[in-house]
Structures are given as structure tokens and as C-alpha cells.
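Reviewing the structure listed below.
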Amino acid sequence: DPAARLADAYVRMGCRPTFTCSPYLLDSAPRAGESIAWAESNAVIFANSVLGARTAKHPDFLDLCIALTGRAPRSGVYLDEHRKARRVIDVDLPEGVDDAFWPLIGYLAGRAAPDRIPLLRGLAPAQPTRDDLKALCAAFGTTSAAPMLHVEGVTPEADGAAAEDADYATINRADMAAAWSSLNDGPDAVELVAIGSPHASLGECLALADALGGRKRHPEVVVIVTAAHQVIADARSEGTLARLEMSGVQVLPDLCWCSISEPVFPTKTRALITNSGKYAHYGPGLSGRTVRFGSLADCITAALTGRVPARLPDWLS
């Protein structure tokens, strides 16, 4: 009720009611070099890192003050000198990585650079998609306070991003295996598949529908995707939403997993699986349940069978 009253007040003030934690997926996404004022961590990191826009990680209500005045504090990553990387992280890129690699690397990069902007090297040959970078940025925001990162050969400001006084770190396969195991300390059996933290893109909805291929979810497993209204409308118009619903998938607007509580969160759930590094990190504390982490393929296996073995992915094993 308090959140609804706040939302209604914003709309009366002229705010556009998109209710999404992935505003960079909207038609109104900012352009490179544009100064904006965002607060949600994954959105801030994606805007700075991938879009090349400029925003600090603003605290709640300061973003509203900026909206009212059109002015923000001219500091931090609004300024060129503060967008430099002060830690260079060399990543040992395995062959044949899948979609789970990117949130895992974001999670590890945040642990390796908890208080400064990093430059990640060695990832360009894997040719990450926009959704891969979305997952990387979101997971990075769970373990680092930095408002952005650079990926050599991928993100727009990576060339020459390393500061003269930057130090160096590495992420190797042993680090990846250890992090994977720490995020999978749970049973094989799961009762919930959680997709959309941050809100799923249209491409992610399509990938889920294609992977399910019209097959029905296991009767004891709930599958929920959270997405923005615009994405849901687009998915409906092209038939993707109907395909998901035929497989028993629920697609919810307005909420995302970091704000879902009972009874929207299925009360009978003992363990769940997600392909989100962000929710794998926050989920246990938010839900009080055991949370497993895996690829989209792992989530499909869980959705169809109710079980997925807690093993290392092929690109690590």
C-alpha cells in the first residue's frame, strides 16, 4: 500500500508509469554521453558501461529531486576523470561458454573490484550479446559499489580506460568453479524457476519460449518471468507470450524478484533455481529459501522435470 501511494504520487507529478528495473530496454533509453539520473544499481551500471550514458548511483529520492530541478551534483562518473578503470582484471576465458558465464563473471568481477571501476580483459572473443552484458552488469552490482565497468573490445569507453595508477587482478577457472559451487549449495529438487532479475528482455522471453518448445512445465514446478509492460506487450503482439502461457509460464509486470514476497512468491517453495546472478546472491535472504544458480538450459530442465543436478557446467568441468 505505501508503494502504491508513492507510485500514484509520481504519476500525478508527470512520471511515466513504466515500473521496470530495466529502463534501458525502453524506447526512451539514453544515448552515449547523455547525462541522466538513475538509482537502481543494475540500471546505473548498464547505462554507464554499455550505453555510455552518465549517471551516479543516486540514493532514493535524490533522483526525484534531480527530476524536479533538472540538476545533479557534478561529480563522480559524470566527469571524465572518474570514469577511468583503477583495476585491470584479466579473465581466463573457457571455450564454449553459455549464458551462465556472464552473470558468474560479473559476480566475480565485483568481488575483485568492490570499491573501484574495473577493466575486464579477455572476454571479447566470446562476443557477448546485449542480454549477456545485462546479466554481467546486474551481477557486478551485487558485489561491487562501483557505478560502472569496462570490457575491453566490447564496451564503448574501454579503449584507453585503464588509469595510469591501475592495479591488476585475475579471474581464473578455479575462481569460477568455486563461485559456481557457492551459488549451488542446495538440493537437486526445485519447486520454482525464477527468470527476470533484472526484468527480462523480449529476446530473453523468446529464448525461453523457444527452449520450452511448447512443452508443459512439471505440475509441481512454478515458472515465473518478470518483465516490463512494454516487453510484455511486444511479446503478446508477436505471439511469444501465448507460447509461454501454453507451457504454463506466468509472466508478471511491475514486480521483479527483489521485490516479490508471499503470496505472489509461491508459498510451497523449498528451493528455486534462477539464471540471474543478482537473484542468486540476494534470493536466500529475501525469500528465506535455498537458491540455485544455472543457465537457461538448467532452468528449462528444472521446469520440465523438477530436478537439476548441482554440477559444474561443461565449460568448467
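The values are calculated or read from the model by the stated rules, or taken from the named source; none is laboratory data. In this text, all values refer to a predicted model and were calculated from it rather than measured experimentally. As a convention, Cβ positions derive from the backbone with ideal geometry for all residues, glycine included, and neighbour counts pool all protein chains shown.
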Scan of segment 267-280 for residues that are in contact with an Asp or Glu (Cβ under 8 Å, 6 or more places away or on another chain), part of a loop (DSSP other than H, G, I, E, B) and of a type in the set (Val, Ile, Thr), ordered by number: THR269
Yes/no for ALA3 being closer than 28 Å to GLY110 by Cβ, in a helix (DSSP H, G or I) and not assigned by TED's automatic domain parsing to the domain that holds ARG130: yes
Subset of segment 143-155 (residues that are surrounded by fewer than 21 Cβ atoms within 10 Å (Cβ to Cβ) and closer than 21 Å to GLU40 by Cα): THR143, ALA145
Count of segment 120-163 residues which are under 18 Å from the mean Cα position of the chain (by Cα) and either acidic (Asp, Glu) or in a helix (DSSP H, G or I) (or both): 14
Residue count for segment 271-282, restricted to those that are more than 21 Å from ASP132 (Cβ to Cβ) and crowded, with 18+ Cβ neighbours inside 10 Å: 1
Flag for GLY141 being in the same structural domain as VAL77 (by TED's automatic domain parsing), on the phi > 0 side of the Ramachandran plot and in contact with a strand residue (DSSP E or B) (Cβ under 9 Å, 6 or more places away or on another chain): no
Cβ-Cβ under 7 Å pairs, at least 6 apart or on other chains, segment 150-178 side more than 17 Å from ASP115 (Cβ to Cβ) and free of Cβ contacts under 8 Å to residues at least 40 places away in the same chain, far side of a type in the set (D, E, K, R) and assigned to a strand (DSSP E or B): GLU152/ARG121
Residues (part of a loop (DSSP other than H, G, I, E, B), aliphatic (A, V, I, L, M) and within 18 Å of SER201 (Cα to Cα)) located in segment 6-26: LEU26
Tabulated pairs, segment 281-303, first part of a helix (DSSP H, G or I), second surrounded by fewer than 19 Cβ atoms within 10 Å (Cβ to Cβ) and among the hydroxyl-bearing types (Ser, Thr, Tyr), C-beta under 7 angstrom, 6+ apart or interchain: PRO284/THR290
Neighbours by Cβ (under 7 Å, 6+ apart or cross-chain): first from segment 69-85, closer than 24 Å to PRO118 by Cβ and touching a residue at least 24 places away in the same chain (Cβ under 8 Å); second among the charged types (D, E, K, R) and not in a helix (DSSP H, G or I): VAL77/ARG54; TYR78/ARG54; ARG83/GLU157
Residue that is surrounded by the most Cβ atoms within 10 Å (Cβ to Cβ) [pool: residues in segment 60-100 that are of a type outside the set (A, V, I, L, M), assigned to a helix (DSSP H, G or I) and more than 25 Å from the chain's Cα centre (by Cα)]: CYS65
Checklist (1) in a strand (DSSP E or B); (2) not hydrophobic (A, V, I, L, M, F, W, C); (3) not assigned by TED's automatic domain parsing to the domain that holds HIS281 applied to GLY106, failing item: (1)
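For (1) under 13 Å from GLY141 (Cα atoms); (2) in the same structural domain as LEU133 (by TED's automatic domain parsing); (3) not hydrophobic (A, V, I, L, M, F, W, C), each residue gets a yes or a no:
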position: GLU34; (1), (2), (3): no, yes, yes
position: ALA39; (1), (2), (3): yes, yes, no
position: VAL44; (1), (2), (3): yes, yes, no
position: LYS57; (1), (2), (3): yes, yes, yes
position: CYS65; (1), (2), (3): no, yes, no
GLY110 at pLDDT 95 or above and either of a type in the set (Ser, Thr, Tyr) or buried (at least 16 other Cβ atoms within 10 Å of the Cβ) (or both): yes
Segment 99-121 residues that are under 10 Å from ILE89 (Cα atoms), paired with ones that are part of a loop (DSSP other than H, G, I, E, B) (beta carbon under 6 Å, 6 or more apart): ALA113/SER144; PRO118/LEU149; LEU119/ALA161; ARG121/GLU152
Number of the condition not met by ILE36 [criteria: (1) over 19 Å from PRO156 (Cβ atoms); (2) of a type in the set (Val, Ile, Thr); (3) at pLDDT 95 or above]: (1)
From the options ALA72, ALA47, residue that is at pLDDT 95 or above, within 25 Å of GLU152 (Cα to Cα) and small (Gly, Ala, Ser): ALA47
